1. Quick check: anything in the stretch 4-11 of a type in the set (Asp, Glu), at pLDDT below 90 and in a loop (DSSP other than H, G, I, E, B)?
2. Are any of the residues in the stretch 102-115 surrounded by 11 or more Cβ atoms within 10 Å (Cβ to Cβ), polar (S, T, N, Q), farther than 30 Å from PRO130 by Cβ and modelled with pLDDT of 95 or more?
3. State whether the residues of the stretch 33-40 include one that is part of a helix (DSSP H, G or I), small (Gly, Ala, Ser) and exposed (fewer than 15 other Cβ atoms within 10 Å of the Cβ).
4. If the requirement is being touching a Pro at 6+ places or on another chain (Cβ under 7 Å), assigned to a helix (DSSP H, G or I) and over 22 Å from GLN94 (Cα atoms), which of these qualifies: LEU21, LEU46?
5. Return the residue satisfying two criteria in turn: it lies in the stretch 46-79 and is among the small types (Gly, Ala, Ser) and under 25 Å from LYS112 (Cβ atoms), and of such residues it is modelled with the lowest pLDDT.
6. Criterion first (modelled with pLDDT of 90 or more and surrounded by fewer than 15 Cβ atoms within 10 Å (Cβ to Cβ)) does ASN43 satisfy it?
Amino acid sequence: MKIPGPTGISERGEGSMGNVLMLILTALLAMAAFNAGPVFMKNFELSDKLTNISRTFPPGETGNESAREAVASAIEEIGMTEFLTADDCTVTSQGGIGGTRTVKCVYTREYKLLPGMVRKYTFEPSATSPTF
């Protein structure tokens with residue numbers, strides 16, 4: 001039965017296949033973002049902490065050692081001890097006062113993108129800042 005619409009054109013109320021497919025695609029993208037988003041956000045948070053650590057401590061080996069301890073604390077604070085340890089990170093400095101300190105970590109993390117789709121990604125957050 002056709003019901004006249006407000007413009008006088010008959011509308012049958014049928015959905016199109018394109019709308020259903022677009023709804024499914026949107027749901028899959030939302031699920032992928034829900035699963036992968038926290039993984040990448042934790043890496044961003046770690047990168048931010050590494051930037052702060054690289055510019056906080058004085059130059060030299062004692063500053064590097066303090067920075068290593070701060071990296072270990074940051075990893076624990078963020079809750080990434082399952083994927084990353086302080087041994088996976090390096091702290092180096094060059095040039096003394098006015099030089100630079102580099103803090104770099106490398107780790108591989110596995111995450112589920114969609115049901116049945118497990119992905120591995122190698123993260124390499126690093127920060128280089130001047131030492132004063």
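1. Our first condition is that a residue be of a type in the set (Asp, Glu); within the stretch 4-11, this holds for 11.
Subset that is at pLDDT below 90: 11.
So of that shortlist, the ones also in a loop (DSSP other than H, G, I, E, B) come out as none.
Scanning the stretch 4-11 turns up no residue that is of a type in the set (Asp, Glu), at pLDDT below 90 and in a loop (DSSP other than H, G, I, E, B).
2. Our first condition is that a residue be surrounded by 11 or more Cβ atoms within 10 Å (Cβ to Cβ); within the stretch 102-115, this holds for 102-109, 111-114.
Filter again for polar (S, T, N, Q), leaving 102, 108.
Filter once more, keeping what is farther than 30 Å from PRO130 by Cβ: 108.
Next, only the ones that are modelled with pLDDT of 95 or more stay: 108.
Scanning the stretch 102-115 turns up at least one residue that is surrounded by 11 or more Cβ atoms within 10 Å (Cβ to Cβ), polar (S, T, N, Q), farther than 30 Å from PRO130 by Cβ and modelled with pLDDT of 95 or more.
3. Restricting attention to the stretch 33-40, the residues satisfying the condition of being part of a helix (DSSP H, G or I) are 33-40.
Keeping just the survivors that are small (Gly, Ala, Ser) gives 33, 36-37.
Narrowing the set further to residues that are exposed (fewer than 15 other Cβ atoms within 10 Å of the Cβ) leaves 33, 37.
Checking the stretch 33-40: at least one residue is part of a helix (DSSP H, G or I), small (Gly, Ala, Ser) and exposed (fewer than 15 other Cβ atoms within 10 Å of the Cβ).
4. Being touching a Pro at 6+ places or on another chain (Cβ under 7 Å), assigned to a helix (DSSP H, G or I) and over 22 Å from GLN94 (Cα atoms) holds for just one of LEU21, LEU46, which is LEU46.
5. Here the residue is GLY79.
6. No; evaluated as a whole, the condition is false for this residue.
The values are calculated or read from the model by the stated rules, or taken from the named source; none is laboratory data. The shown structure was predicted, so the numbers you read here are calculated from the model rather than taken from an experiment. All Cβ positions, even for glycine, are placed from backbone atoms using ideal geometry, and neighbour counts span all protein chains on display.
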